[in-house]
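Read through the structure below, which is laid out as structure tokens, and then see the notes.
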Amino acid sequence: MAIASDIVKARPGYNLHIVKTEKYKTNTLVFKMKAPLTTETVTYRSLLPYVLQSTTKTHQTSTELRSYLDDLYGASLYVDVAKKGEYQVISFTMEIANEKFLSDPTPLLSKGFELLMAVVFQPKTEGGAFAANTVLKEKRSLKQRIQSIYDDKMRFSTQRLVEEMCQGEPYALEPMGNEGDLDEITPELLYTYYQKALFEDEIDFYIIGDVNGAEVEELADTYISLKERQPKKITPVQKKVEKEKEVTEQQDLKQGKLNIGYRTNILYGDPDYYALQLFNGIFGGFSHSKLFINVREKASLAYYASSRIESHKGLLMVMSGIENKNYGQALEIIRQQMKEMKQGNFTEEELSQTKAVVKNQILETIDVARGLIEILYHNVISRNSVPLDEWLERTERTTKEEIVKVGEKIECDTIYFLTGTEVQE
Amino acid sequence: MEKIPFGQLQEELFHEKMENGLQVYILPKKGFNKSFATFTTKYGSVDNHFKPLTKEGFVKVPDGIAHFLEHKLFEKEDGDVFQQFSKQGASANAFTSFTRTAYLFSSTFDFEKNLTTLIDFVQEPYFSEKTVEKEKGIIGQEINMYDDNADWRLYFGCIENMYQNHPVKIDIAGTVESIAGINKDMLYECYETFYHPSNMLLFIVGPVDPDQTMELIRNNQNSKEYKELPAIERRFETEQAAVAKKSQILKMNVQTPKVMVGIKATDVHLSGPEMLKAELAANILLEVLFGKSSDLYEDLYSEGFIDQSFSYDFTQEQGFGFALIGGDSARPDELTENLKQILLKAKSGAGITEESVSRTIKKKIGTFLRALNSPEYIANQFTRYAFNDMDLFEVVPILEQITHNDVKQAAVGLIDEERITVCQVLPK
């Protein structure tokens with residue numbers, strides 16, 4: 001068993017995380033910028049990385065930049081904007097071949113490093129603002145991406161559940177931002193926001209691969225210069241459920257989407273987080289779970305019926321796709337399974353089975369460079385430091401009683417149904 | 001057991017053909033937690049017209065039966081194999097494509113137990129009328145889910161446009177109506193014909209000991225009795241070169257229109273190194289024309305014809321092949337027209353420069369290295385390649401041989417007006 005951990009070097013304004021491993025044929029670099037999710041900034045932050053990745057001061061067009069990436073043996077460069085609890089996290093990722101596997105020995109890491117840093121710190125500008133035509137193109141593209149959420153009904157229904165359930169809380173915001181905000185964003189305003197973000201965001205930089213620590217530190221010191229900062233810390237809004245909410249919406253669809261949101265009142269880093277993970281695993285996380293067995297295998301109502309937890313907000317969400325007319329029956333079965341969980345109606349065997357697959361899932365995730373980064377980044381978001389072996393060990397030690405105790409904290413908040421036809425009660 | 005080293009890549013592959021014909025490959029990966037295994041039969045949705053092992057003549061089976069069989073193989077007299085895997089800490093899955101059905105698991109401990117479970121469950125079918133009926137509800141929901149998925153409809157709509165007779169145009173899962181007719185005897189008939197070890201390949205990648213693992217498989221296979229299988233006879237009607245339909249519009253509940261342009265390939269009976277080279281050249285061609293570093297991409301993006309969802313792909317198997325290009329577009333008709341024009345001009349070499357070809361080859365080499373980080377990629381692709389007598393580990397040497405002229409020739413061979421079609425999904 002190979003448990004990876006990162007060496008963290010504090011640098012002015014950011015933390016440098018290095019994981020040295022010979023597992024991969026590539027080196028992976030991920031630059032993360034984190035700030036609280038707010039209505040005012042959400043669309044700015046969503047647009048920003050796309051503008052940055054399209055050009056740099058030295059690569060004035062996308063074609064030039066992309067050609068250069070091809071020349072670096074198809075180094076991949078992409079950006080991502082995600083919601084982690086009530087933070088919005090921007091990631092710039094580069095994966096670049098390790099030249100020891102190539103017949104051409106040109107050193108690639110330093111070139112990739114330089115380029116990634118140019119994307120973040122050396123944008124193409126025009127008179128103190130981002131290039132206007134780049135901003136225009138990326139606004140158009142983002143608008144289309146936001147609209148396409150509606151076209152993916154699984155994604156759409158999940159987003160609608162969260163909006164209904166977390167009304168008024170930052171978590172209700174879609175990390176891609178709002179179509180309506182786009183009109184007001186000018187190249188000047190976006191550039192001003194960019195400078196502010198570089199000044200205030202919490203920044204972490206991860207490098208994974210067969211790298212030399214001293215060389216990486218030197219590269220970082222050459223290309224990154226940031227000011228010290230006190231990043232904003234927030235605690236996600238935790239709400240007591242006063243009354244269960246039921247929302248039904250209708251669209252022209254063949255399959256209805258029944259999604260249910262629960263409040264777990266437990267966050268990553270809490271002592272009972274490990275028990276919550278197992279609770280979710282027995283309930284709906286896997287293909288041996290109660291939801292899969294009872295909604296799909298026994299009742300033949302769905303192809304998918306599962307649950308997952310949002311570790312940094314304290315939510316548990318059920319997702320299922322069912323025939324519109326089976327709404328009542330499916331809801332009844334899901335409620336019944338939750339009741340069984342709360343009453344501790346699961347066997348020792350279900351528990352040990354779930355421990356085995358949870359452990360397996362973690363170990364598999366860290367086999368992938370980006371997966372490992374996401375696992376390590378949990379500690380940044382939660383300001384906890386849970387080493388992986390401790391995570392595994394505490395999962396192993398969790399008892400049935402602890403899981404039942406977790407059940408006492410879980411409350412059903414909102415039932416959301418996207419139906420193709422009118423619902424008959 | 002033979003050992004095949006790949007020096008530059010620092011990998012070693014172990015191979016053995018079992019007495020019953022099963023091909024086994026093991027790629028040890030040090031430093032990984034996860035072991036991954038796929039057990040694949042060369043049998044997919046297109047194999048719907050064949051001579052069953054137990055019968056004299058040819059039969060035609062209902063659409064979606066290969067996929068249905070995949071679902072049902074997980075169920076045994078004493079319960080569900082998913083349960084067995086998760087007790088052993090593994091996560092299991094399966095998929096059915098046009099030409100293959102693969103069963104797989106990944107685990108970080110109890111590898112040998114899980115491997116035995118995988119081999120045994122695939123080789124010991126149990127179908128009953130009752131469980132077959134029950135599965136129809138579940139797969140019905142899977143079909144409905146895909147019916148609501150605009151990208152899937154666009155993809156199949158485009159393939160449907162291309163093919164007149166070939167079963168590649170049939171949705172892999174079939175339809176609610178077609179699966180209604182499936183019964184347990186049909187499942188056994190397909191199983192007996194296509195799940196013989198000599199039609200299958202087992203691929204293992206992970207931190208495993210190759211000698212010990214091969215020994216386990218050898219013992220497992222020797223303990224089971226298999227009669228020698230005569231060559232499987234499949235039948236395909238002849239297919240015209242031209243597309244069946246030049247265009248199709250699907251109205252769906254979406255906000256953003258979607259466009260997919262397809263080119264039906266002609267050279268569809270290649271195999272081995274020839275096929276590999278043709279496939280790589282076609283992929284390079286698409287990348288040169290439509291990749292993010294091409295001028296054409298930049299034009300399309302600047303004009304607002306495409307967004308980040310734009311993609312392209314070339315697929316080929318025995319008897320069919322196609323290139324697909326498209327994505328979300330606020331201006332679907334202009335995008336369609338532009339893509340067609342770019343393709344037709346490329347037939348005479350436009351947009352294919354020597355410089356862009358050599359750059360793209362570099363990119364492809366790096367992309368291949370990156371893909372080798374993924375056990376799933378290695379196992380799935382190796383199997384697909386092997387079923388077409390190609391070798392995954394020949395990709396880099398062949399990429400290094402491909403010339404500017406090869407790519408221009410690929411354009412001449414692939415592109416033709418009568419073989420181009422378009423499918424659009426438009427808001428209702």
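Mind checking which residues of the stretch B:209-240 are aliphatic (A, V, I, L, M) and either within 21 Å of residue B:15 (Cα to Cα) or exposed (fewer than 11 other Cβ atoms within 10 Å of the Cβ) (or both)? So that I can check it myself, show each step before the final result.
Our first condition is that a residue be aliphatic (A, V, I, L, M); within the stretch B:209-240, this holds for B:214, B:216-217, B:229, B:231-232.
Across the stretch B:209-240, the qualifying residues are B:214, B:216, B:217, B:231.
Look at the stretch B:127-149: where a residue is crowded, with 20+ Cβ neighbours inside 10 Å and a partner is polar (S, T, N, Q), sitting 6+ places away or on another chain with Cβ atoms under 7 Å, you get B:132/B:183; B:141/A:255; B:143/B:175; B:144/A:255; B:145/A:255; B:148/A:255. Candidates A:228, A:184, A:200: the one that is surrounded by 12 or more Cβ atoms within 10 Å (Cβ to Cβ) and among the acidic types (Asp, Glu) is A:200.
Mind checking which residues of the stretch A:289-327 are closer than 22 Å to residue A:375 by Cα and basic (Lys, Arg)? Don't jump to the end; show me each part of the working.
We begin by selecting, within the stretch A:289-327, every residue closer than 22 Å to residue A:375 by Cα; these are A:306-317.
Scanning the stretch A:289-327 gives A:308, A:313.
Just give me the residues in the stretch A:394-425 being of a type in the set (Asp, Glu) and closer than 21 Å to residue A:347 by Cα, in sequence order. Before you say what the answer is, go through the steps one by one.
Step one: list which residues in the stretch A:394-425 are of a type in the set (Asp, Glu), which gives A:396, A:401-402, A:408, A:411, A:413, A:422, A:425.
Matches in the stretch A:394-425: A:396, A:401, A:402, A:408.
Considering the stretch B:144-175, the residues that are charged (D, E, K, R) and within 14 Å of chain A (Cβ to nearest Cβ) include one that is farthest from residue B:243 (Cα to Cα), namely B:148. Within the stretch B:335-353, being part of a helix (DSSP H, G or I) and within 14 Å of chain A (Cβ to nearest Cβ) holds for one residue alone: B:335. Among the residues of the stretch A:300-319, those that are within 12 Å of another protein chain (Cβ to nearest Cβ) and either in contact with a helix residue (DSSP H, G or I) (Cβ under 6 Å, 6 or more places away or on another chain) or modelled with pLDDT under 95 (or both) comprise A:300, A:301, A:302, A:303, A:305.
Applying a threshold of 7 Å to beta carbon distances and a minimum spacing of six or more residues, or different chains, the list of pairs starting in the stretch A:278-290 at a residue that is over 20 Å from residue B:106 (Cα atoms) and assigned by TED's automatic domain parsing to the domain that holds residue A:305 and ending at one that is modelled with pLDDT of 95 or more and basic (Lys, Arg) reads A:280/A:308; A:283/A:290.
Might you let me know whether the stretch B:181-195 holds any residue that is within 11 Å of chain A (Cβ to nearest Cβ), modelled with pLDDT of 95 or more and under 23 Å from residue B:15 (Cβ atoms)? No; the residues of the stretch B:181-195 include none that is within 11 Å of chain A (Cβ to nearest Cβ), modelled with pLDDT of 95 or more and under 23 Å from residue B:15 (Cβ atoms). If you check B:212, B:221, B:164 for being more than 30 Å from residue A:258 (Cα to Cα) and either among the acidic types (Asp, Glu) or not in a helix (DSSP H, G or I) (or both), only one passes: B:164. Of the residues in the stretch A:260-274, not one is more than 23 Å from residue A:377 (Cα to Cα), within 14 Å of another protein chain (Cβ to nearest Cβ) and buried (at least 21 other Cβ atoms within 10 Å of the Cβ).
Give the residue, chosen from A:329, A:361, A:353, that is crowded, with 22+ Cβ neighbours inside 10 Å, within 13 Å of chain B (Cβ to nearest Cβ) and assigned to a helix (DSSP H, G or I). Answer to the check: A:353.
Of the residues that make up the stretch A:136-150, is at least one within 30 Å of residue A:210 (Cβ to Cβ) and among the aromatic types (Phe, Trp, Tyr)? Break it down into steps so the answer makes sense when it comes.
If we filter the stretch A:136-150 for residues that are within 30 Å of residue A:210 (Cβ to Cβ), which is where we start, we get none.
Taking every residue of the stretch A:136-150 in turn, none turns out to be within 30 Å of residue A:210 (Cβ to Cβ) and among the aromatic types (Phe, Trp, Tyr).
Scanning the stretch B:223-271 for residues that are farther than 17 Å from residue B:156 by Cα and charged (D, E, K, R) gives B:224, B:225, B:227, B:228, B:233, B:234, B:235, B:237, B:239, B:267. Among the residues of the stretch B:253-286, the ones that are in contact with a Ser or Thr (Cβ under 8 Å, 6 or more places away or on another chain), within 25 Å of residue B:163 (Cα to Cα) and within 14 Å of another protein chain (Cβ to nearest Cβ) come to 4 in all. Only one entry in A:106, A:93 is within 14 Å of another protein chain (Cβ to nearest Cβ), surrounded by fewer than 22 Cβ atoms within 10 Å (Cβ to Cβ) and assigned to a strand (DSSP E or B), namely A:93.
Inside the stretch B:1-51, can you point out the residues that are within 14 Å of chain A (Cβ to nearest Cβ) and small (Gly, Ala, Ser)? Passing the criteria: B:7, B:31, B:35, B:37.
Name the single residue, out of those in the stretch B:359-407 being acidic (Asp, Glu) and within 14 Å of chain A (Cβ to nearest Cβ), that is surrounded by the most Cβ atoms within 10 Å (Cβ to Cβ). Only one residue fits best here, namely B:376. Within the stretch A:231-242, residues that are within 22 Å of residue A:35 (Cα to Cα) sit with their Cβ atoms under 8 Å from residues that are polar (S, T, N, Q), at 6+ positions apart or across chains, in these pairs: A:238/A:265. Looking at this structure, is residue B:93 at the interface with chain A (Cβ under 9 Å from one of its Cβ atoms), at pLDDT 95 or above, closer than 30 Å to residue B:227 by Cα and surrounded by fewer than 20 Cβ atoms within 10 Å (Cβ to Cβ)? Yes: the conditions hold for residue B:93. Among the residues of the stretch A:48-73, those identified as in contact with a strand residue (DSSP E or B) (Cβ under 9 Å, 6 or more places away or on another chain) and either not assigned by TED's automatic domain parsing to the domain that holds residue A:147 or not in a loop (DSSP other than H, G, I, E, B) (or both) are A:48, A:49, A:50, A:51, A:52, A:65, A:66, A:69. Could you say which residue among A:141, A:157 is within 14 Å of another protein chain (Cβ to nearest Cβ), in a helix (DSSP H, G or I), of a type in the set (Ser, Thr, Tyr) and more than 24 Å from residue A:419 (Cβ to Cβ)? After applying the criteria, what remains is A:141.
Yes or no, residue by residue, for (1) under 20 Å from residue B:355 (Cα atoms); (2) at pLDDT 95 or above; (3) hydroxyl-bearing (Ser, Thr, Tyr):
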position: A:52; (1), (2), (3): no, yes, no
position: A:67; (1), (2), (3): yes, yes, yes
position: A:78; (1), (2), (3): no, yes, yes
position: A:85; (1), (2), (3): no, yes, no
position: A:115; (1), (2), (3): no, yes, no
position: A:121; (1), (2), (3): no, yes, no
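Of everything listed in (1) assigned to a helix (DSSP H, G or I); (2) touching a Lys or Arg at 6+ places or on another chain (Cβ under 9 Å); (3) surrounded by 16 or more Cβ atoms within 10 Å (Cβ to Cβ), the single unmet condition for residue A:396 is (3). For residue A:300, all conditions in the list (1) surrounded by fewer than 21 Cβ atoms within 10 Å (Cβ to Cβ); (2) closer than 20 Å to residue B:71 by Cβ; (3) touching a residue at least 12 places away in the same chain (Cβ under 8 Å) hold save one; what is the number of the exception? Every condition holds for residue A:300 apart from (3).
The values are calculated or read from the model by the stated rules, or taken from the named source; none is laboratory data. Treat the numbers as computed from the prediction; the structure is a model and nothing was measured. Note: ideal-geometry Cβ built from the backbone for every residue, glycine included; neighbour counts use all protein chains shown.
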